[in-house]
Amino acid sequence: RCIDSCLFLLLTLAFLAYCVELYSRIFVRHSVDELEREKEEALRPLTSGIMETGMDESGDYKRQVSNESLKDPQVQALSQQLKEWINDVLTDDHIVVKNLCEDLSDGQVLSALIESLAGAKIEHKEVAQSVASQKAKLTEVLNQINYHLQVADDGIKWNVDNIHNKYLVSVLHLLVALARHYGIQRRLPSFVKINVLQITKATQQTETISEQITGDEEREHYNFAARQQERDVFDTLFDSAPDKLNAVKGSLMAFANKQLSKIDKSCNNIEEDFANGVNLVIMMSLAEGYYVPLYSFSMEPEAYDHKLHNVTLALNLMQEAGIPRPKCTAESIVSKDLKSTLRVLYSIYLHLLQVQAPR
């Protein structure tokens, strides 16, 4: 009888486990199907998806996209391709954008996008409800985006108010800049223009102005693809001569230590010791014979943003010294990518050889 009771208990537990597993499968399948349906809806051709375009009310004018431009197939195609690109990038985050202007206005999607593209860390994670908190989050996110894009102030064609007000022109300018910088598999439509109705606030006079959103995107796409496909000595080293990698690492480590020893510093790990940018800034100051003020970079960076700032500063100092930009990004250095770090050190080494060569 005891054995029968135990068997009955085991059978009951097995049945319950089966029910739980079956329910879980149905729930997961339902969630996946729901996400796929949302993506399909988002990828349908635009009808009213960009009609809520908002207004730019900054300065002395009010600006609004004309109805003709909203119906322009080129504008709709550009918006659709950018929407598909965002959804592709954010697939793992289960984020589906259906309306560009509406869905990007509170900064939540843009936060996830720059985190995914650049590895940025946005501290302001919670969903913002009030207008003030949404704008505060959007300010933080746009500051991050502008920092990563390294766009000059006069080249920034978006701001917090315009994005929050769902102004289509600013949203498209921002997304095109991100797509160009980080690469987009599909080629965007070329020479897209948007006609904007500009109303003078004081006199209520109206005029139509034209905003150029894209240029020769075929050339932009080709140039980006060419840069990505360009191979250098380090690609060859990693792919075809990995046995020589340690020798190259050792040589560049010895070079770096020789430079750093001038101020009683040293490095032991080539991936770790350059990831925060401090040693790179110091090496550039030693190579060029100038002093980098301590307020311009962080000597003991802990936060990701501080490390990224240091590395970006070092890369900018290299460009100012006439050193060709290595095939890497500041983000890859901070992420301790060995190939990127070797490229930067080798570029500084070649520069010093050229500077010190007898005339």
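Taking only the range 250-285 into account, find how many residues are open to solvent by less than 50 Å² (accessible area, probe 1.4 Å) and in a helix (DSSP H, G or I).
So the answer is 16.
Answer yes or no as to whether Leu197 is open to solvent by less than 20 Å² (accessible area, probe 1.4 Å) and among the aliphatic types (A, V, I, L, M).
no
So that you can scan it fast, the table gives a plain yes or no per residue for (1) among the small types (Gly, Ala, Ser); (2) within 17 Å of the chain's Cα centre (by Cα); (3) under 27 Å from Gln319 (Cα atoms):
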residue	(1), (2), (3)
Gln80	no, no, no
Asp93	no, yes, no
Val109	no, yes, no
Leu138	no, yes, no
Arg180	no, yes, yes
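So for the range 327-338 (the condition being within 19 Å of Lys262 (Cβ to Cβ) and either out of contact with any Phe, Trp or Tyr (no Cβ under 6 Å at 6 or more places or on another chain) or at pLDDT 90 or above (or both)), does at least one residue qualify?
There is no residue in the range 327-338 that is within 19 Å of Lys262 (Cβ to Cβ) and either out of contact with any Phe, Trp or Tyr (no Cβ under 6 Å at 6 or more places or on another chain) or at pLDDT 90 or above (or both).
Condition check ((1) out of contact with any Pro (no Cβ under 7 Å at 6 or more places or on another chain); (2) within 21 Å of Asp232 (Cβ to Cβ); (3) free of Cβ contacts under 8 Å to residues at least 60 places away in the same chain) across all residues:
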residue	(1), (2), (3)
Ser298	yes, no, yes
Leu308	yes, no, no
Ala314	yes, yes, yes
Pro326	yes, yes, yes
Val334	yes, yes, no
Lys339	yes, yes, no
Arg343	no, yes, no
Ser347	no, yes, yes
Leu352	yes, yes, no
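So, in the range 165-188, exactly how many residues are surrounded by fewer than 18 Cβ atoms within 10 Å (Cβ to Cβ) and of a type outside the set (S, T, N, Q)?
Number of matching residues: 4.
Of all residues in the range 242-273, which are closer than 22 Å to Gln356 by Cβ and in contact with a Ser or Thr (Cβ under 8 Å, 6 or more places away or on another chain)?
Correct list: Asn257, Leu260.
Can you pull out the helices (runs of 4 or more DSSP H) entirely within the range 1-119 that have at least 1 residues that are modelled with pLDDT under 65 and surrounded by fewer than 17 Cβ atoms within 10 Å (Cβ to Cβ)?
Fully inside the range 1-119 and qualifying: 2-43.
So which residues in the range 56-71 are more than 10 Å from Leu197 (Cβ to Cβ) and touching a helix residue (DSSP H, G or I) at 6+ places or on another chain (Cβ under 9 Å), if there are any at all?
Passing the criteria: Asp56, Glu57, Ser58, Leu70.
Can you say whether Glu230 is more than 28 Å from Tyr346 (Cα to Cα) and modelled with pLDDT under 65, as far as the supplied structure shows?
Spelling it out, it is not the case that Glu230 is more than 28 Å from Tyr346 (Cα to Cα) and modelled with pLDDT under 65.
Return only the number of the condition from (1) among the polar types (S, T, N, Q); (2) open to solvent by less than 40 Å² (accessible area, probe 1.4 Å); (3) within 15 Å of Val334 (Cβ to Cβ) that Ser296 does not satisfy.
Exception for Ser296: condition (3).
Among the residues that make up the range 261-275, is at least one of them of a type in the set (Lys, Arg) and either in contact with a His (Cβ under 6 Å, 6 or more places away or on another chain) or closer than 26 Å to Leu117 by Cα (or both)?
No, the range 261-275 has no match at all.
Residue pairs, Cβ under 8 Å, 6 or more apart or interchain, first in the range 242-266 and in contact (Cβ under 8 Å) with a residue 60 or more places away in the chain and among the small types (Gly, Ala, Ser), second assigned to a helix (DSSP H, G or I) and open to solvent by less than 70 Å² (accessible area, probe 1.4 Å). List them.
The qualifying pairs are Ala256/Asn279; Ala256/Met283; Ala256/Leu345.
Based on what the data block shows, is Ala152 modelled with pLDDT under 75 and either surrounded by fewer than 17 Cβ atoms within 10 Å (Cβ to Cβ) or among the hydroxyl-bearing types (Ser, Thr, Tyr) (or both)?
The answer is yes for Ala152.
All but one of (1) under 19 Å from Ala314 (Cβ atoms); (2) within 27 Å of the chain's Cα centre (by Cα); (3) open to solvent by 30 Å² or more (accessible area, probe 1.4 Å) hold for Phe238; state the number of the condition that does not hold.
Of the numbered conditions (1) under 19 Å from Ala314 (Cβ atoms); (2) within 27 Å of the chain's Cα centre (by Cα); (3) open to solvent by 30 Å² or more (accessible area, probe 1.4 Å), the odd one out for Phe238 is (1).
The values are calculated or read from the model by the stated rules, or taken from the named source; none is laboratory data. Note that the structure is predicted; figures quoted are calculated from it, not measured. With ideal geometry, Cβ positions are generated from the backbone for all residues, glycine too; neighbour counts draw on all protein chains shown. For the accessible areas, the whole protein counts, side chains as well, though only heavy atoms, and no ligand, DNA or RNA atoms are used. Shrake-Rupley method; radii C 1.70, N 1.55, O 1.52, S 1.80 Å.
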